[in-house]
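Undergrad: This is the structure I want to talk about, given as structure tokens.
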């Protein structure tokens, strides 16, 4: 190799190095960044606010199963059950898949299906297989499995829609030798009507005693209660007549003119508007 060829190769290498080094300097000049005083990245975390837990929204209330099942349709539930067939079988003696066979699931003890390995959370919730899959437990579990039994291995998100959950529950009740009837509706409305009726009777006015009447005195605010007598009422004053004292003898003859007027009763003394009782007329001589 002569010196001319060696100079060309050496020049090409130097040119390449020059281009790369020059490009690096140019890029650094264009995209210049300041070196931080402390290496690393600052991560800003929000401070926990007192009472934040109490401000969290409450868990969604689950509709009572008695009210829920009033509109249930088992045929519609069969279509919804197709979502479950990827993990569960629904025939008698069916195999266990990702989840246990669901034949006879209603009122079956929890975590009791033979040949299936349940999660620790489900086993503990069953309390030694003494807790049954009744309608209420199934309703809450299907609404939100992980919310109802935290730690369960079931990956299903749940059925928050009441109608879908009711239809699926009705279909699960048919997966048995003897279909399980749906629960009775809640009897809360009829029982609430009884106290309301009793409250209305309590507001009714008390019966008035026919033996007494109330006469408001014109000079005061206190009513005066007088006994009723068999006599007539004074037409000029409207006051009830006063019964004669016991043992009194009607005046006759001369005694009629000299008989002193009777003292007014306590009721008449308190009621100045009532006229005193007129003396009985004397018979003709």
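The values are calculated or read from the model by the stated rules, or taken from the named source; none is laboratory data. Here the structure is a predicted model, which means the values were calculated and not measured. Cβ: placed from backbone, ideal geometry, glycine included. Neighbour counts: every protein chain shown.
Undergrad: Within segment 1-82, which helices (runs of 4 or more DSSP H) (wholly inside it) include 1 or more residues that are at pLDDT below 75 and loosely packed, with under 10 Cβ neighbours inside 10 Å?
TA: By residue number, 52-55.
Undergrad: Further question: Please go through (1) in contact (Cβ under 8 Å) with a residue 24 or more places away in the chain; (2) over 20 Å from residue 173 (Cα atoms); (3) within 26 Å of the chain's Cα centre (by Cα) for residue 68 and return the number of the only condition it doesn't satisfy.
TA: Every condition holds for residue 68 apart from (2).
Undergrad: Let me ask something else about it. On the basis of being surrounded by 10 or more Cβ atoms within 10 Å (Cβ to Cβ), assigned to a helix (DSSP H, G or I) and at pLDDT 90 or above, does residue 176 make the cut?
TA: It is false that residue 176 is surrounded by 10 or more Cβ atoms within 10 Å (Cβ to Cβ), assigned to a helix (DSSP H, G or I) and at pLDDT 90 or above.
Undergrad: Look at residue 97 and say whether it is touching a strand residue (DSSP E or B) at 6+ places or on another chain (Cβ under 6 Å) and either assigned to a loop (DSSP other than H, G, I, E, B) or surrounded by fewer than 16 Cβ atoms within 10 Å (Cβ to Cβ) (or both).
TA: Criteria not met by residue 97.
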